[in-house]
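Novice: Sharing a structure with you now.
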Amino acid sequence: MMTCQAVAATASAYLDRELPLSRRAAVAWHLRLCPNCRAYLATLKRTIGLARKAPVAAPAPEVEDNLAALFRARQNSAD
């Protein structure tokens with residue numbers, strides 16, 4: 001049987017249906033037996049849903065300017 005740590009490590013891929021069938025089945029079996037992992041997965045699913053609904057805000061102009069200057073400085077030091 002999978003451990004809680006293994007379920008947590010594959011939780012995102014499980015929710016995205018990116019795991020092979022045998023691995024999905026192992027996670028599903030573990031979830032049937034482990035209320036803590038079911039709660040973790042439910043929280044992760046809710047967090048992903050909220051993040052997808054969150055508005056995307058543009059950074060303040062001074063932040064963009066500072067990042068651009070930082071990238072230029074790094075590029076110049078690498079040359």
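Here, each number is a calculation from the coordinates, and none is a lab measurement. Since this is a predicted model, take the numbers as computed values, not measurements. Note that each Cβ is placed from the backbone with ideal geometry, even for glycine, and that neighbours are counted across all protein chains shown.
Novice: Could you work out how far helix 21-33 tilts from the main Cα principal axis of the chain, as a 0 to 90 degree angle to the nearest 10?
Specialist: Taking Cα atoms only, the helix is inclined about 70 degrees.
Novice: Quick one: net charge around residue 30, please, counting Lys, Arg +1 and Asp, Glu -1 for every other residue with C-beta under 15 Å from its C-beta.
Specialist: After counting each charged neighbour, the total is +4.
Novice: Which one of 77, 8, 27 is farthest out on the positive end of the charge dipole of the chain, using unit charges on Cβ (Lys, Arg +1; Asp, Glu -1) and the Cα centre as origin?
Specialist: It is 27.
Novice: Residue by residue through the range 6-15, which ³J(HN,Hα) values in whole Hz follow from phi under the Karplus form 6.51 cos²θ - 1.76 cosθ + 1.60 (θ = phi - 60°), with glycine and proline marked x?
Specialist: 5, 5, 4, 5, 10, 4, 5, 5, 4, 5
Novice: What Cys residues in the chain are without a partner cysteine, judged by a Cβ distance under 4.7 Å?
Specialist: Singleton cysteines: 4.
Novice: Note down the relative contact order for the chain as a percent, whole number, built from C-alpha pairs under 8 angstrom at least six residues apart.
Specialist: Reported as a whole number, the value is 26 percent.
Novice: Could you give the angle, 0 to 90 degrees to the nearest 10, between helix 35-53's Cα long axis and the longest principal axis of the Cα atoms of the chain?
Specialist: The angle comes out near 40 degrees.
Novice: Another question, if that's okay. Beta carbons within 10 angstrom, averaged per residue: use that to sort the peptides 3-9, 71-77, highest first.
Specialist: Ranked by mean Cβ neighbours within 10 Å, highest first: 3-9, 71-77.
Novice: For the chain, give the magnitude of the charge dipole about the Cα centre (Cβ charges: +1 Lys/Arg, -1 Asp/Glu; no others), in debye to the nearest 20.
Specialist: The dipole of the chain has a size of about 680 debye.
Novice: Let me ask something additional. Could you work out how far apart the two model spin labels at residue 45 and residue 16 are, taking each label as a point 7 Å from the Cα in the direction of the beta carbon, and quote it in nm?
Specialist: Using points 7 Å along Cα→Cβ, the separation is 1.8 nm.
Novice: Can I ask one more? Please label the shape of the range 1-51 as rounded, prolate or oblate, based on the square roots a ≥ b ≥ c of the eigenvalues of the alpha-carbon gyration tensor (a/c under 1.5 means rounded; beyond that, a/b larger than b/c means prolate, else oblate).
Specialist: Oblate is the answer for the range 1-51, as a/c is 1.5 or above yet b/c matches or exceeds a/b.
Novice: Related question: Under the rule of at least 5 residues apart or a separate chain, name every residue whose amide H is placed under 5 Å from the amide H of residue 34.
Specialist: none
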